[in-house]
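Q: First the structure, which I've put down as structure tokens, then a few questions once you've had a look.
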Amino acid sequence: MSIPAQITPASRTEHIKYAVRDIVVLANQVAKTGKEMLYLNIGDPNQFDFITPGHIVEAVHKAMMANYNGYSPSSGIKSAVASIEREAHKKGINNVLDIFVTTGASEAIEICLTALVNPGENVLIPEPGYPLYNAILAKLDAVENGYYLDEANGWQPNLEDIRSKINDKTRAIVLINPNNPTGSVCHEATMRGIIKLAREHNLVIFGDEIYDKLILDGGKHISIASMDPEVSAITFNGLSKSYVAPGFRIGWGIVSGRETLMHDYIEAINKILRARLCANHPIQFGIEAALGANQEHLKPMLAKLSRRRDITTNRLNAIPGISCIPAEGAFYAFPRLDIAESDELWVSELIRETGVVVVPGSGFGQVPGTKHFRVVFLPTEDILEKAFSQIERFMLKWREKHPFRTA
């Protein structure tokens, strides 16, 4: 019998990368050596001292016990869709054309990109930005068209850079607000500039707002879709972050804009929704509970995050060779490294030597020539203090071995 040929994977998988999870492979290898590991890499609040609000869990439990365990409508159960629409109106999105519930906001994003973008077409995505978009576009044989956030301007989107990169194959602009990985919150004037560009070039705005309730220092979040009833937009959100339930895998999309422009696109989205059947049925009952009047978990959550953000910013800025802009939202920081070597090398050596797990900035995109790493400041204060002490010692040794300065 002849030896069978190796099974060849699809070429579309060649460029799929996901830095947040990929770094775990190295971390697991180091953990096997017995080294104490300090994880500052995964944005999962349930891994630390944040708990899913009890009334949300109880709503899901009741649904399961009432045998809502079969398929649901493809776009979601009525109570969930109605709750999402009320939430949209609270945020000022009054021109809602469609709402759909998905398996996490990530599925909503994938469905909407799949329904919009043809091979060879491109989508403007922020750099730094969440690597999910790059992975999906790679699967679609589409092109990631990165636009830069301006570090010197608090990580605001660079409008001139966006304008310069729009071409006849550009279909959409992604705005992650608050941003992952920088923790920045987009300014109103910047969003108006993005809306102007989107309308000029007939682009869809993807408003990724999964951290919209996690605004620090008493700041206010503005949903970009609320700022212009005419702009074509899809607003993504879910239960993962603000409602401390990433394992529920429940998200949604809110389509808004002019019906005459969006009609065919909405139908394409719904074709895909019908083909994949539905999101988890009983867990959809958590949406109404989450978006209702009881938001009491947010105040202590924001207080914790504010303290941990301050520890993160202060400790990192005190380390020679590292600078860090304070986060305004979410639970991430994106410190800059003053090194000649790559941030991938710096992070891999940090993990091997100290057990502190962070993610290299190159995995999120960054201005060429700059080096960064992402920190998640969800861990307790004592873990953060310990981790930053380890980073400080490591960086001092690094600078002795590698005396290069970029500034």
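Nothing in this text is a laboratory measurement; each read-out follows from the coordinates by a stated rule. Everything numeric in this text was worked out from a predicted model, so none of it was measured. Neighbour counts run over all protein chains shown; Cβ positions are idealised from the backbone, glycine included.
Q: So if each residue of separation counts as 0.36 nm, and I subtract the Cα-Cα distance between VAL25 and ARG258, what length gain in nm does that give? Could the numbers behind the result be given before it?
A: Details: separation 233, 0.36 × 233 = 83.88 nm, distance 4.55 nm.
Extending this stretch completely gives an extra 79.3 nm.
Q: Quantify how much of the Cα-Cα distance distribution of region 1-152 extends past 19 Å, in percent. Write down the numbers at each step before the final one.
A: Values: 8480 of 11476 pairs.
Every Cα pair in region 1-152 considered, those over 19 Å come to 74 percent.
Q: Now a separate question. Between GLY218, ILE254, PRO9, whose Cα lies farthest towards the positive end of the dipole of the chain when Lys and Arg beta carbons carry +1 and Asp and Glu beta carbons carry -1, centred on the Cα centre?
A: Farthest along the dipole direction, towards plus: PRO9.
Q: Return the Rg/Rh value of the chain, two decimal places, where both radii are evaluated on C-alpha atoms and Rh is the Kirkwood radius. Show your work: numbers first, answer last.
A: Numbers: Rg = 21.6 Å, Rh = 22.2 Å.
In the chain, Rg relative to Rh is 0.97.
Q: May I ask you to give the average projected area over all directions of the convex hull of the Cα atoms of region 123-197, in nm² rounded to one decimal?
A: Working: hull surface 18.6 nm².
Answer in nm², one decimal: 4.7.
Q: Another question, then. With both partners inside region 54-291, how many of the DSSP beta bridges are antiparallel, as a percent to the nearest 5? Intermediate results must be reported in sequence, preceding the final value.
A: Working: 14 of 32 bridges.
For region 54-291, the DSSP antiparallel bridge percentage is about 45.
Q: Ok, one more. Students often check this: by mean Cβ neighbours within 10 Å, which of 361-368, 177-184, 275-282 ranks highest, and how do the rest follow? Please report the intermediate quantities before stating the final value.
A: Values: 361-368: 20.4, 177-184: 28.8, 275-282: 17.1.
Result, highest mean first: 177-184, 361-368, 275-282.
Q: Moving to a separate point now. If you count the DSSP beta bridges with both ends in the chain, what percent of them are antiparallel, to the nearest 5? Let's see the in-between values first.
A: Values: 22 of 42 bridges.
Rounded to the nearest five, the antiparallel share is 50 percent.
Q: If you build the convex hull over the alpha carbons only and average its shadow over all orientations, what do you get for region 54-291? Give it in nm² to one decimal. Walk me through the numbers on the way to the answer.
A: Numbers: hull surface 49.2 nm².
With every direction weighted equally, the projected area is 12.3 nm².
Q: Could you sort 259-272, 119-132 so that the peptide with the highest average Cβ count within 10 Å comes first and the rest follow in order?
A: Numbers: 259-272: 14.5, 119-132: 21.9.
By packing density, highest mean first, the sequence is 119-132, 259-272.
Q: With runs of 4+ DSSP H residues as the only contributors, calculate the mean residue ellipticity of the chain at 222 nm using -39,500 (n - 2.57) per run, divided by the residue total and rounded to the nearest 500. Don't skip to the end; give the middle numbers.
A: Values: 12 runs with 156 residues, N = 407.
Estimated from H runs of four or more residues: -12000 deg cm²/dmol.
Q: Report the calculated FRET efficiency for GLU160 and GLU400 (r = Cβ-Cβ distance, R0 = 51 Å), to the nearest 0.05.
A: On the way: r = 40 Å, r/R0 = 0.79.
For GLU160 and GLU400, the calculated efficiency is 0.80.
Q: Right, another one. Pick out, in residue order, every one of the chymotrypsin sites (Phe, Trp or Tyr not before Pro) in region 54-163 that is DSSP loop and has at most 16 other C-beta atoms within 10 Å; say none if there are none. Walk me through the intermediate numbers first.
A: Working: sites: TYR68, TYR71, PHE100, TYR133, TYR147, TYR148, TRP155; in loops: TYR68, TYR71, TRP155.
Within region 54-163, the qualifying chymotrypsin sites (Phe, Trp or Tyr not before Pro) (loop, at most 16 other Cβ atoms within 10 Å) are TYR68, TYR71.
Q: Now for a separate question. Please give the peptides 189-200, 346-357 ranked by average Cβ packing (other Cβ atoms within 10 Å per residue), highest first, as a rough proxy for protection. Kindly include the intermediate steps, with their values, before the conclusion.
A: Details: 189-200: 17.4, 346-357: 20.0.
Descending mean neighbour count gives 346-357, 189-200.
Q: Restricting attention to region 1-83, which GluC sites (Glu not before Pro) occupy a DSSP loop and are surrounded by at most 11 other Cβ atoms within 10 Å?
A: GLU14, GLU36
Q: Oh, and also: Compute the angle between helix 298-317 and the longest alpha-carbon principal axis of the chain, please, reported from 0 to 90 degrees and rounded to the nearest 10.
A: Tilt of helix 298-317: around 30 degrees.
Q: Rounded to the nearest 20 debye, what is the charge dipole size of the chain about its Cα centre when +1 sits on each Lys and Arg Cβ and -1 on each Asp and Glu Cβ? Could the numbers behind the result be given before it?
A: On the way: 42 positive and 46 negative charges, 105 e Å.
For the chain, the charge dipole is close to 500 debye.
Q: Can you list the residues, at least 5 places off or on another chain, whose amide H is less than 5 Å from the amide H of GLY76, using H built in the peptide plane?
A: Those qualifying (amide H under 5 Å, at least 5 residues apart or on another chain) are VAL101.
Q: Mind listing the long-range amide H neighbours of TYR130? Cut-off is under 5 Å, sequence gap 5 or more, other chains count too, H placed in the peptide plane at 1.01 Å from N.
A: ASN180
Q: Normalising by the residue count of the chain, find the relative contact order in percent from Cα pairs under 8 Å and 6+ residues apart. Mind showing how you got there, number by number?
A: Details: 789 pairs, mean separation 98.2, N = 407.
After rounding, I find 24 percent.
Q: Same structure, new question: Need one number: % antiparallel among DSSP beta bridges in region 161-300, to the nearest 5. Working shown, then result.
A: On the way: 6 of 15 bridges.
Counting only bridges with both partners in region 161-300, antiparallel ones make up about 40 percent.
Q: Can you tell me the 0 to 90 degree angle between the C-alpha axis of helix 78-90 and the longest principal axis of the chain, rounded to 10?
A: Roughly 70 degrees between the two axes.
Q: Restrict the search to region 69-177; then list the trypsin sites (Lys or Arg not before Pro) that DSSP places in a loop and that have at most 16 other Cβ atoms within 10 Å of their Cβ.
A: Taking region 69-177 and a limit of 16 other Cβ atoms within 10 Å, the loop trypsin sites (Lys or Arg not before Pro) found are LYS169.
Q: Kirkwood hydrodynamic radius of region 290-394 from all distinct Cα pairs, in Å? If you can, show how the numbers build up before the last one.
A: Numbers: mean 1/r = 0.0684 Å⁻¹.
Roughly 14.6 Å, rounded to one decimal.
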